1. In the range 41-67, what residues are within 12 Å of the chain's Cα centre (by Cα) and open to solvent by 80 Å² or more (accessible area, probe 1.4 Å)?
2. Mind checking which residues of the range 92-111 are in contact (Cβ under 8 Å) with a residue 12 or more places away in the chain, out of contact with any Asp or Glu (no Cβ under 6 Å at 6 or more places or on another chain) and either in a loop (DSSP other than H, G, I, E, B) or surrounded by fewer than 16 Cβ atoms within 10 Å (Cβ to Cβ) (or both)?
3. Please find, within the range 75-101, the residue that is nearest to residue 140 (Cα to Cα) out of those that are under 17 Å from the mean Cα position of the chain (by Cα) and not polar (S, T, N, Q).
4. Could you say whether any residue in the range 52-69 is closer than 24 Å to residue 163 by Cβ and assigned to a loop (DSSP other than H, G, I, E, B)?
5. Which members of the range 23-38 meet the condition of being exposed (fewer than 15 other Cβ atoms within 10 Å of the Cβ) and of a type outside the set (Asp, Glu)?
6. Find the residue count for the range 49-89, including only residues that are basic (Lys, Arg) and under 25 Å from residue 122 (Cα atoms).
7. List, please: which pairs have Cβ atoms under 7 Å, are six or more places apart or on different chains, and start with a residue in the range 5-17 that is among the charged types (D, E, K, R) and end with one that is in a helix (DSSP H, G or I) and at pLDDT 90 or above?
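The values are calculated or read from the model by the stated rules, or taken from the named source; none is laboratory data. What you see is a predicted model; the values in this text were computed from it and never measured. Note that each Cβ is placed from the backbone with ideal geometry, even for glycine, and that neighbours are counted across all protein chains shown. SASA here: full protein model, heavy atoms, side chains in, ligands and nucleic acids out. Shrake-Rupley method; radii C 1.70, N 1.55, O 1.52, S 1.80 Å.
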Amino acid sequence: MITRLDTAILLWIHEHLAHPVADAVMAFITRLGDAGFCWILLALVLLCIPKTRKAGAAIAIALTLTLLIGNLALKPLVARVRPFLANPSFALIIAPPSGFSFPSGHTMASFASACALLGYSKRAGFAALALAVLIAFSRLYLLVHYPTDVLAGAVIGAAIGFLAVKIQKALQKRISVFIK
């Protein structure tokens, strides 16, 4: 039942929104999230600036947790086949990703990073959330994830992002006790 609804949504997106210009834009947007590239880069930049170091640390924590929880635990546990493998009529415009579909790793890393950043800067956090939404939608548009994969990735990622802020703040308190 859920997979049928998921597939129907993907078909609707493909039938109503597909366009050569959108294909190129979505392929570019999804590449930003490949292996968490843009989020790792953001964390590294923020870690280098004293004023934003705490936010960078929270994003790094969030990305580590998404790797452990999403890619190493949930994906193999659920082992959901990607939509383009389940439905061979889906023609991909990007190289086929490997691994399982649930949850969407791109989406989880994006929402985790954006929500971690949101804990330190509303303005930057909301801008990052806008990019996270675009990356999440690109995974649907490109037929590499089901909507429920993306929804779960967003929810889990957001929870991890907010948890990462709490972890960073708790670690900061412990470290400051030893430094004084």
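1. 67
2. Matches in the range 92-111: 92, 94, 96, 97, 99, 100.
3. Within the range 75-101, the match that is nearest to residue 140 (Cα to Cα) is 82.
4. no
5. 24, 25, 28, 35, 37
6. 3
7. Close Cβ pairs satisfying both conditions: 6/147; 6/148.
A quick yes/no check of all residues on (1) among the acidic types (Asp, Glu); (2) within 19 Å of residue 25 (Cβ to Cβ); (3) over 17 Å from the mean Cα position of the chain (by Cα):
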{"position": "110", "(1), (2), (3)": "no, yes, no"}
{"position": "114", "(1), (2), (3)": "no, no, no"}
{"position": "135", "(1), (2), (3)": "no, yes, no"}
{"position": "148", "(1), (2), (3)": "no, no, no"}
{"position": "159", "(1), (2), (3)": "no, no, no"}
{"position": "175", "(1), (2), (3)": "no, no, yes"}
